[in-house]
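The values are calculated or read from the model by the stated rules, or taken from the named source; none is laboratory data. What you see is a predicted model, and the numbers here were worked out from it, not measured in a lab. Neighbour counts are summed over all protein chains in view; Cβ atoms, including those assigned to glycine, are modelled from backbone coordinates with ideal geometry. These area figures cover heavy atoms from the full protein model, side chains too; ligands, DNA and RNA do not enter into them. Shrake-Rupley method; radii C 1.70, N 1.55, O 1.52, S 1.80 Å.
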Amino acid sequence: MLVYTFRRILAAVPVLLTVAVFVFLLLRLTPGDPAAIIAGDMATPEQLERIRTSLGLDKPIVVQFFSWFWLLMQGDLGTSLISNTPVSGMIAKHIEPTISLALLTIVLSVAIAVPLGVLAAWRHGTWIDYTVMTISVVGFSVPVFVIGYILIQFFAIDLKWFPVQGFRSITRGIGPFLERAVLPSLTLASIYVALIARMTRASVLEVLGEDYVRTARAKGLKEKTVLFRHALRNAAVPVLTIIGTGFALLITGVVVTESIFNIPGIGRLTVDAILARDYPVIQGMILLTSGIYVLVNLIIDLSYSFFDPRIRY
Amino acid sequence: MQITNNSKSGSFRGMLAAACIALSASVTGFAADASANTLVAVPHSGLRILDPIITTAHIVRNHGYMIYDTLLALDADFKVQPQMASYTVSDDGLTYTFILRDGLKWHDGAPVTAEDCIASIERWGKRDTSGQVLFDKLESLTANGEKEFVFKLKEPFSYLPETLAKPSSVVPFMMPKRIAATPADTAITEFIGSGPFRFVTEEYQPGVKSVYEKFADYVPRSEAPSWLAGGKVVKVDRVEWTAMPDAQTAMNAIQSGEIDYLEAPPIDLLPLVEGNDELTVKRLSPLGSQTMGRMNFLYPPFDNKKIRQAALKAMNQKDVLDAFIGNPEYYTICGAFFGCGTPFESSAGSESLTGSGDVEGAKALLKEAGYDGTPVVILQPTDVTTTKAQPVVAANALRAAGFTVELQPMDWQTVVTRRASQKPIAEGGWNMFFTNWIVPEIMTPLNNPMLNGRGKNGFFGWATDEKMEALRAKYIAAKTAQEQKAAADELQAHAMDEVSYVPLGQYNVPSVWRNVLTGPLESPVPVFWNIEKTED
């Protein structure tokens, strides 16, 4: 397994390098000039050119690429063209809200969706199944911003149980963290509950017809044990894949939720950087995103063997 | 076994209960984000650049007014008043002597000196257009001791005090010499001013949050505050600017008491707060902003004066402002290039624009000009609410008059880049774009950037107009207020005839604050001195 893990990590290097080259080139082909954005309305062509020079944007693209790449090889993601601050520092400040939000969302989603999915499969074709599937369709269909605003209106404005916006680091206490993270996590969880519940239901349904489940029941095991120890564990592989990919998607796709709840996460950082054509920040963010996908996929693959002993690396 | 199960279940319930208690205990305090000594404000956009000299962005200018101070400042009567310094002028108008007032200190404790001010003025003069005019007239700028410095001019330039008191957009803020020595096109990296607030660098998150603390050693002037002049008395310990990209979130937050002040709520969401007796909704910027369209003079069809005139006749302000602002309470039909409510207000030549347009007149002019159907490429930003509607309304008006129009949707930053391109239309150029200015930025012939005729070295659109330059020179040479007004009126008439740009009216968005705040001041720039905060 160690050799496999090492090989997978090694295989990620060319992937990240390719991403780095493509991102760099694609960004330079996108219309937009950070110097014009900095200079503002009254800049003359000469002033614009001088700002371009001071940012190094007047150099040939190849030279710019190798300057950036050389820094990257030393672990330096560069400096923001707009705010003049190190990209790694900016990412570090923005990643905590996103990671903690994603983790809480996944925990909430799994805690709600897996039992619901198992229940729906167990009571397949009954009103319980239909109710779970209806909830699932609603979770899929209603946009997250609608759910977010409804939760804010009801729980934050009408009932005043939670603040309407903001983020507090978990280092400042679990209470302040949760009071600001619960509503955005519930908002995000709506779609993942739907997704994981459907996947769990389908997988569990498939294994419920297997011989070993019939054997387990014939042995006189309690239904709960049959469902959760035998059926669910064997149905876990596809569910795990969905959870893992969902986590990666959460980290990279929470822009709308971060915006509605005013959470300074990496979604907002990325959008701001794209709007301002802040090349080093965009490059850093895309590299980070690619790295997260590679890592999450590796963790999912490795965890398969925990749930299914037949899988060995 | 049963007992063990119960105990597990019991311990889980206990943990849940403990978590709920902990959560509910903390929940009761969430509105206290905005504590008594801290004013939490949501500015109109996130602060990402900290150098107010390198950029014209208003949010950076507002940041500048927090931590820096100015030598002179404009008051509500458009009069220049002393701020950091007072001045005297020689009888021949060629020598201005400035003397710094007592007690001025930088945030690092060092005293403000004449050398610091000279370095700051020199850096600003390289970036600001009216600063460049000043430096064109300047023979020397020298220090005379620690507190005195002298401008010696080649020829009289009576606008020197006005230029140093300009409220927007590149404001001559004073910085320590070591910081002001940074090249004008390179951003500064140290943020030390002598203004009423100190910037808390360690809490700064670009685009998210910026924090300012009261500068204990700041000595305010004794006069009452008036616009950007007078005593800047800080009455809170700390001001936090928290950017909120979603306007609805900001509206929710001010209603729930999580923030104290919202600088620029969107007009269409104002009904949510207008009836709330815990909030005040009020216009703080007495002049507001002007929205306008600018044509590209380099390429057809707008290189033809008659076709520009046809375009102007095709449009009318009411249609644009109805689509852009909607509520007439918040807009003013105004045909003055220099803005309404200003000393140089004039409506000459704007009759069709401020009326209901003149489509037939536009058609006749197009025919007379021999318009051949060359498409008008209009840059249409889709991501900025304050510039989204104007291109669409203008395009419809132009089409109605017989123009062929190509609306090109894009994000604002692409507009910013495209409008700087002097290339032909087929190579990424453009024919028309729209933007907004706060009125103090366009209210004199000296600072209005569109009213110049310097061709490719001028404002985007690059009009070459010798008469415009001559009229500007006449204004600069004017010795009395009457002569200045006469020159400005001539400029208004000439600019309307040339269609230097299309003023599309004035709008004035109110700010919203919780009633725990008292003392927000009227000013063309949002300011945070004089505001007191009491407990809820």
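In chain B the longest region clear of trypsin sites (Lys or Arg not before Pro) that are loop-assigned by DSSP and have at most 12 other C-beta atoms within 10 Å covers B:155-478.
Taking the Cα centre of the protein assembly as shown as the origin and placing charges on Cβ (Lys, Arg +1; Asp, Glu -1), which of B:PHE151, A:ILE286, B:VAL89 is farthest toward the positive end of the dipole? Farthest towards the positive end: A:ILE286.
Among B:179-185, B:403-409, A:101-107, B:239-245, the peptide with the highest mean count of other Cβ atoms within 10 Å heads the list, and the full ranking is B:239-245, A:101-107, B:179-185, B:403-409. Interface burial in the stretch B:402-436 reaches 50 Å² or more for B:GLN413, B:THR417, comparing the full protein assembly with the chain by itself; accessible area from heavy atoms with a 1.4 Å probe.
Placing unit charges on C-beta atoms (Lys and Arg positive, Asp and Glu negative, everything else neutral), compute the dipole magnitude of chain A about its Cα centre in debye, rounded to 20.
Values: 25 positive and 19 negative charges, 250 e Å.
Computed charge dipole of chain A: roughly 1200 debye.
Heavy-atom accessible surface of the stretch A:217-313, averaged per residue, reaches 43 Å², computed with a 1.4 Å probe. Near A:GLY40, the amide H atoms lying under 5 Å from its own belong to B:THR56; only residues 5 or more places off or on other chains count, and H is placed 1.01 Å from N.
Tell me whether the stretch B:160-315 comes out rounded, prolate or oblate; compute the Cα gyration tensor, take square roots of the eigenvalues as a ≥ b ≥ c, and use a/c under 1.5 as the rounded threshold. List each step's numbers first, then the result.
On the way: a/c = 1.91, a/b = 1.24, b/c = 1.54.
Here the stretch B:160-315 falls in the oblate category.
Near B:ALA369, within a Cβ-to-Cβ distance under 9 Å, what is the net charge of the other residues, with Lys and Arg +1 and Asp and Glu -1? Can you show the working numbers first?
On the way: positive: B:LYS305, B:LYS306, B:LYS367; negative: B:GLU368.
Here the charged neighbours net out to +2.
The magnitude of the dipole of the stretch B:57-197, with charges of +1 and -1 set on the Cβ of Lys/Arg and Asp/Glu and taken from the Cα centre, is near 280 debye. With a 10 Å cut-off around each Cβ of B:41-48, the average count of Cβ atoms from other chains is 2. The distance separating the Cα centre of the stretch B:212-274 from that of the stretch B:130-179 comes to 31 Å. Ellipsoid fit via the Cα gyration tensor, chain B: semi-axes of 43, 34, 20 Å, each the root of five times an eigenvalue, largest first. For the pair B and A, the buried accessible area comes to roughly 4300 Å² in total, with a 1.4 Å probe and the value rounded to the nearest 100.
The spacing between the stretch B:182-200 and the stretch B:491-517, judged by their C-alpha centroids, is 30 Å.
For the pair B:ALA143 and A:GLU96, what calculated FRET efficiency results from E = 1/(1 + (r/R0)^6), where r is the Cβ-Cβ distance and R0 = 45 Å, to the nearest 0.05? Efficiency, from the Cβ-Cβ distance: 0.40. Could you check how many percent of all C-alpha pairs in the protein assembly as shown are farther apart than 40 Å? The calculated P(r) of the protein assembly as shown puts 46 percent of pairs beyond 40 Å.
Report in % the part of the accessible area of the protein assembly as shown that belongs to carbon and sulfur, leaving out ligands and nucleic acids; probe 1.4 Å.
Details: 21110 of 34880 Å².
Carbon-and-sulfur percentage of accessible area, whole number: 61.
If you average the alpha carbon positions of the stretch A:210-254 and of the stretch A:101-175, how far apart do those two centres end up, in angstrom? What the calculation gives is 20 Å, centre to centre. Helices in chain A, meaning DSSP H runs of at least 4 residues, each add -39500 (n - 2.57). Divided by all residues, the mean residue ellipticity at 222 nm is -24000 deg cm²/dmol.
At 1.4 Å probe radius, can you tell me the per residue accessible area of the stretch A:2-73 in Å²? Intermediate values should be presented prior to the final figure.
Details: 4120 Å² over 72 residues.
I get 57 Å² per residue for the stretch A:2-73.
Compared with the dominant Cα axis of chain A, that is its longest principal axis, helix A:2-29 is turned about 40°. Partner lysines whose Cα lies under 22 Å from the Cα of B:LYS363, excluding those fewer than 8 positions away in the same chain, are identified as B:LYS305, B:LYS306, B:LYS313, B:LYS318.
Farthest toward the dipole's positive end in the stretch A:87-312, which of A:SER88, A:ILE251, A:SER185, given Cβ charges of +1 (Lys, Arg) and -1 (Asp, Glu) about the Cα centre? So the residue we want is A:SER185. Compared with the dominant principal axis of the Cα atoms in chain A, helix A:279-307 is inclined by about 20°.
In straight-distance terms, cross-link reach from B:LYS147 covers every one of the lysines whose alpha-carbon lies under 19 Å from its own, apart from those fewer than eight places away in the same chain; here that gives B:LYS105, B:LYS177.
When chain B is described by a simple charge dipole with +1 on each Lys and Arg Cβ and -1 on each Asp and Glu Cβ, the residue from B:PHE338, B:ALA401, B:GLY373 located farthest towards its positive end is B:GLY373. Sparse packing (at most 16 other Cβ atoms within 10 Å of the Cβ) combined with a DSSP loop state is found for the following GluC sites (Glu not before Pro) in the stretch B:278-386: B:GLU278.
Quick check: from the Cα gyration tensor, does the stretch B:289-507 come out rounded (a/c under 1.5), prolate or oblate? Cα axes put the stretch B:289-507 in the rounded bin.
Based on DSSP H runs of at least 4 residues, each adding -39500 (n - 2.57), what is the mean residue ellipticity at 222 nm of chain B after dividing by all its residues, to the nearest 500 deg cm²/dmol?
Mean residue ellipticity at 222 nm (helix-derived): -9000 deg cm²/dmol.
Charges were assigned to the Cβ only: +1 to each Lys and Arg, -1 to each Asp and Glu. The resulting dipole of the stretch A:1-105 about its Cα centre is roughly 460 debye. Among A:LEU25, A:LEU269, A:LEU108, which one shows the highest mean-square fluctuation when chain A is modelled as a Gaussian network with alpha-carbon springs under 10 Å? Most flexible of the set in this elastic network: A:LEU25.
Please compute the contact order of the stretch A:87-312 in relative form: average sequence separation of alpha-carbon pairs under 8 Å and at least six residues apart, divided by the residue count, as a percent. All intermediate terms of the calculation are to be shown ahead of the outcome.
Values: 266 pairs, mean separation 64.3, N = 226.
Computed over the stretch A:87-312, the figure is 28 percent.
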